[in-house]
Each structure stands twice: as C-alpha cells, then as structure tokens.
1. Pick out the one residue from Val30, Val6, Val44, Val38 that is under 14 Å from Ala63 (Cα atoms) and surrounded by 15 or more Cβ atoms within 10 Å (Cβ to Cβ).
2. Please determine, by comparing only the residues of the range 61-79 that are under 16 Å from Glu7 (Cα atoms) and open to solvent by less than 100 Å² (accessible area, probe 1.4 Å), which one is modelled with the lowest pLDDT.
3. Among the residues of the range 25-57, count how many are closer than 15 Å to Gln67 by Cβ and not basic (Lys, Arg).
4. Do we have any residue at all in the range 16-24 that's modelled with pLDDT of 90 or more, more than 11 Å from the chain's Cα centre (by Cα) and among the aliphatic types (A, V, I, L, M)?
5. Mind listing just one residue for me: the one in the range 9-27 that is in a strand (DSSP E or B) and of a type in the set (D, E, K, R) and, of those, most open to solvent (accessible area, probe 1.4 Å)?
6. Could you please let me know if Ala49 is open to solvent by less than 40 Å² (accessible area, probe 1.4 Å), of a type in the set (Gly, Ala, Ser), out of contact with any Leu (no Cβ under 7 Å at 6 or more places or on another chain) and modelled with pLDDT of 90 or more?
Amino acid sequence: MKGDRVEIVVDAGDTTRTYEVVASRAGRRVETAVRRGVVEVSEVTRTGAVVRTARFMANRVLALVEQPIPREESSDKAG
C-alpha cells in the first residue's frame, strides 16, 4: 500500500503553480517541515532515510494540502 500525497500551491508571479509529492513505493511516507523560511516536503522510507526533497520559499507557498491515501477496509469483519 502506498503512503501519503502532498499538494503544494505556489505563487509564481502572475499565476500559481501546483506541485505534488507522492510516496512512490509501499511503506514510504511524505513529511513536511517549515525551517528558516523554507517549506520542505520529503519522501521518507520506513527507516527514516530521505529519498527526495522538494523545497519552496515559505512566503511563496499559498497552500499545503496533505492528503492520505484512502485505506481499504477489510471485508473480514467479525459479526
């Protein structure tokens, strides 16, 4: 099962641009952090190793939307 997905909407002058960071493999997740005026969105493995990172200037970021992948409910419900 794949991890999370994050959409980043950035002010690009006269328009906006939307970027998407998606956990590319099962067991990975996407983490966000704001440090020193920079928004970092990183894909991280189970062990905590960073696979890739996208960085944006914090004053240009209009929206940061974290969207978890919908989990499938098991059909083996007791009842």
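The values are calculated or read from the model by the stated rules, or taken from the named source; none is laboratory data. Everything quoted here is computed from the prediction, not taken from an experiment. Cβ: placed from backbone, ideal geometry, glycine included. Neighbour counts: every protein chain shown. For accessibility, only protein heavy atoms count, side chains too; no ligands or nucleic acids. Shrake-Rupley method; radii C 1.70, N 1.55, O 1.52, S 1.80 Å.
1. Residue meeting the stated conditions: Val6.
2. Among residues in the range 61-79 that are under 16 Å from Glu7 (Cα atoms) and open to solvent by less than 100 Å² (accessible area, probe 1.4 Å), the one modelled with the lowest pLDDT is Ile69.
3. Residues in the range 25-57 being closer than 15 Å to Gln67 by Cβ and not basic (Lys, Arg): 5 in total.
4. No - not one qualifying residue is present in the range 16-24.
5. The qualifying residue most open to solvent (accessible area, probe 1.4 Å) is Arg17.
6. No.
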